[in-house]
Amino acid sequence: MSKSLFNAFEPVSSKAWKQKIQVDLKGADYNDTLIWKTYDGIDVKPFYHADQFEDFPDISNTQVTQWKVCETINVTNCKAANAKAHDVLNRGAESIYFNLNTATFDIAQLLKDIDTNLTPIDLSYKTISRKELDELLKLDKASFSKMYVHFDCIGHLGKTGNWFSNLKSDHQYLEALVKHTNQLTVDLSHYQNAGATNVQQLAYALAHANEYLNHLDQTLSSDEKQSLTVTFKVSVGSNYFFEIAKLRALRQLWASLASAYGVNTQCRIISTPSKRNKTIYDYNVNMLRTTTECMSAILGGSDVVSNLAYDAIYHKDNEFGSRIARNQLLVLKHESYFDKVNNPADGTYYIETLTEQLAEKALGLFKNIESGGGFLHQLKEGIIQRKIKESAAVEQADFDAGTLVLLGTNKHPNSEDRMKNDLEISPFLETEARKNLIEPIIEKRLSEQLEMNRLNNE
């Protein structure tokens, strides 16, 4: 056929579509019936149309075909962690994310026989001392071309309520690491896991990053700024299209902020599924949740995707859970062809509109934070924590009322399911008596109270 099939049809405007829908509603209110209200204050319409765009959206610069299957390894013993890394790399993993849970470690042993020129390595610290910092600074700068050191002292303050050491020392560590590695990390995963809306996550990430850029502005040369690699670590929830749009909006917002400082406008995104909607009852449903969340992460343009094992919230690390999590990503990549098309979300009216709306609302909130003293000031004053708790409370109320559904938990639960004897680690929020500089941002799952009630009645 020389003529397009669609040339046989008359074009239909969005106005004509809406009129037709209103006729079919037979008197029911269009807004009340078909407009979906969201936690982000965005009204989702029943359809989106090309005539709602003044110009074609810009083409994204993400390389979806290049995303990496990542394995997260919790490190308590460097030799054992190194052995596990070699094992998973032989079984499909393409990248390793080491969570360093030990105060002292042997980096040479940890990376033994791993070709860091071929395998991206991420190192994330639960704690760090001057000794560990000095060990990193001894490494040749070339080592950090594909090895990323995550030292997010503001993120640590938000999560724990304390600096690694203190404000002055932490920022000295930060400056030394950034100068040596030319890398910077912003971890916004705990905002999502604590119940923040998508708009809040984006605004807080931007304000979080702005604190670092403002501090480093006079420290870095123009060349160092242009070659700076900034990594965002993101938790991805189950609102499929919104999560795609969130990641796209993050790149746009970062490009805008970075350009104001003369910094490299490209960023690196590591995504992992949220913990907030995971459950201990009917736990196999967690595999469905993490699969769609990983799909959102990929389509949204993540550079690295690390899956969450279906039993991660109540089991210790184990071979079966890790293998299933890794295989979910391998199926997406090699059998579902999620590495064949760059920027597959480009041009989709719905996602493009969501991206624009999320970015616009997040930018407005970011400006409010800056006019209110900046992110660190509002964190110390407890404003950020209060706003997240308010958003989380709205979401929790909807879950408790059954309007926000977690299948198998607050909808169609299996009353015969028993979990009391299957908990290797506590899946519930636990408080620890310690002195904090500020109130920490507390991560909490939606189903915790319901699950505790069920466990008590088993």
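The listed residues are Ala245, Ala249, Ala297, and the only one of them that is crowded, with 21+ Cβ neighbours inside 10 Å, in a helix (DSSP H, G or I), of a type in the set (A, V, I, L, M, F, W, C) and touching a strand residue (DSSP E or B) at 6+ places or on another chain (Cβ under 6 Å) turns out to be Ala297. Within the set Asp113, Asp140, the sole residue that is out of contact with any Ser or Thr (no Cβ under 8 Å at 6 or more places or on another chain) and on the phi > 0 side of the Ramachandran plot turns out to be Asp113. In the stretch 143-199, counting only helices (runs of 4 or more DSSP H) that sit wholly within it, the ones holding 2 or more residues that are hydrophobic (A, V, I, L, M, F, W, C) span 153-160, 167-181. Lys333 passes every criterion in (1) of a type in the set (Lys, Arg); (2) in contact with a helix residue (DSSP H, G or I) (Cβ under 8 Å, 6 or more places away or on another chain); (3) within 24 Å of Arg251 (Cβ to Cβ) apart from (2).
Selection of the stretch 118-146 for residues being open to solvent by less than 70 Å² (accessible area, probe 1.4 Å) and among the acidic types (Asp, Glu) yields Asp122, Glu132, Asp134. Identification of helices (runs of 4 or more DSSP H) wholly contained in the stretch 347-444 with 1 or more residues that are touching a Pro at 6+ places or on another chain (Cβ under 7 Å), in contact (Cβ under 8 Å) with a residue 60 or more places away in the chain and of a type outside the set (Asp, Glu) yields no element.
Pairs are defined by a Cβ separation below 7 Å, a sequence spacing of at least 6 or placement on different chains, a first member in the stretch 196-225 that is farther than 18 Å from Val178 by Cβ, and a second member that is of a type outside the set (A, V, I, L, M, F, W, C) and open to solvent by 40 Å² or more (accessible area, probe 1.4 Å); the pairs so defined are Thr197/Tyr39; Val199/Lys361; Gln200/Lys387; Ala207/Glu370.
The number of residues in the stretch 252-274 being surrounded by fewer than 21 Cβ atoms within 10 Å (Cβ to Cβ) and in a loop (DSSP other than H, G, I, E, B) comes to 4. Within the stretch 25-37, the presence of at least one residue that is under 30 Å from Thr403 (Cα atoms), in a strand (DSSP E or B) and either of a type in the set (Lys, Arg) or in contact (Cβ under 8 Å) with a residue 60 or more places away in the chain (or both) is confirmed. Kindly establish whether Ile351 is modelled with pLDDT of 95 or more, closer than 23 Å to Asn210 by Cβ, surrounded by 18 or more Cβ atoms within 10 Å (Cβ to Cβ) and β-branched (Val, Ile, Thr). Taking the combined requirement at face value, the residue does not satisfy it.
All conditions but one from (1) among the hydroxyl-bearing types (Ser, Thr, Tyr); (2) buried (at least 23 other Cβ atoms within 10 Å of the Cβ); (3) in contact with a Gly (Cβ under 8 Å, 6 or more places away or on another chain) apply to Tyr281; the one that does not is (2).
Conditions tested, residue by residue: (1) in contact (Cβ under 8 Å) with a residue 60 or more places away in the chain; (2) in a loop (DSSP other than H, G, I, E, B); (3) farther than 25 Å from Asn342 by Cα; (4) touching a Pro at 6+ places or on another chain (Cβ under 9 Å).
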position	(1), (2), (3), (4)
Asp40	yes, yes, yes, no
Tyr48	yes, yes, no, no
Pro57	yes, yes, no, no
Asn61	yes, yes, no, no
Thr65	yes, no, no, no
Cys70	yes, no, no, yes
Lys79	no, no, yes, no
Ala83	no, no, yes, no
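Could you tell me whether any residue of the stretch 436-457 is under 23 Å from Ala312 (Cα atoms) and hydroxyl-bearing (Ser, Thr, Tyr)? Yes, that holds for at least one residue. Here Lys435 qualifies as open to solvent by 70 Å² or more (accessible area, probe 1.4 Å), modelled with pLDDT under 95, more than 22 Å from Lys278 (Cα to Cα) and not β-branched (Val, Ile, Thr).
Filtered by the rule that a residue be surrounded by 21 or more Cβ atoms within 10 Å (Cβ to Cβ) and assigned to a helix (DSSP H, G or I), the stretch 300-325 gives Ser322, Ala325.
Does Asp115 satisfy being open to solvent by 50 Å² or more (accessible area, probe 1.4 Å), more than 27 Å from Met295 (Cα to Cα) and either among the small types (Gly, Ala, Ser) or touching a helix residue (DSSP H, G or I) at 6+ places or on another chain (Cβ under 6 Å) (or both)? Judged against the criteria, Asp115 is not a match.
Within the stretch 92-110, the set of residues being open to solvent by less than 30 Å² (accessible area, probe 1.4 Å) and modelled with pLDDT of 90 or more comprises Gly92, Ala93, Ser95, Ile96, Tyr97, Phe98, Leu100, Leu110. A residue that is open to solvent by less than 70 Å² (accessible area, probe 1.4 Å), charged (D, E, K, R) and in contact with a helix residue (DSSP H, G or I) (Cβ under 9 Å, 6 or more places away or on another chain) occurs somewhere in the stretch 75-84.
Inspect all residues belonging to the stretch 389-400 and state whether any of them is over 23 Å from Leu157 (Cα atoms) and among the polar types (S, T, N, Q).
There is at least one residue in the stretch 389-400 that is over 23 Å from Leu157 (Cα atoms) and among the polar types (S, T, N, Q).
The number of residues in the stretch 354-385 being open to solvent by 50 Å² or more (accessible area, probe 1.4 Å) and within 18 Å of Glu243 (Cβ to Cβ) comes to 4.
The values are calculated or read from the model by the stated rules, or taken from the named source; none is laboratory data. Computed from a predicted structure; not experimentally measured. In this analysis, Cβ positions are derived from the backbone assuming ideal geometry, glycine residues included, and neighbour counts consider all displayed protein chains. We work out accessible area using only protein heavy atoms, side chains counted, and drop any ligands, DNA or RNA first. Shrake-Rupley method; radii C 1.70, N 1.55, O 1.52, S 1.80 Å.
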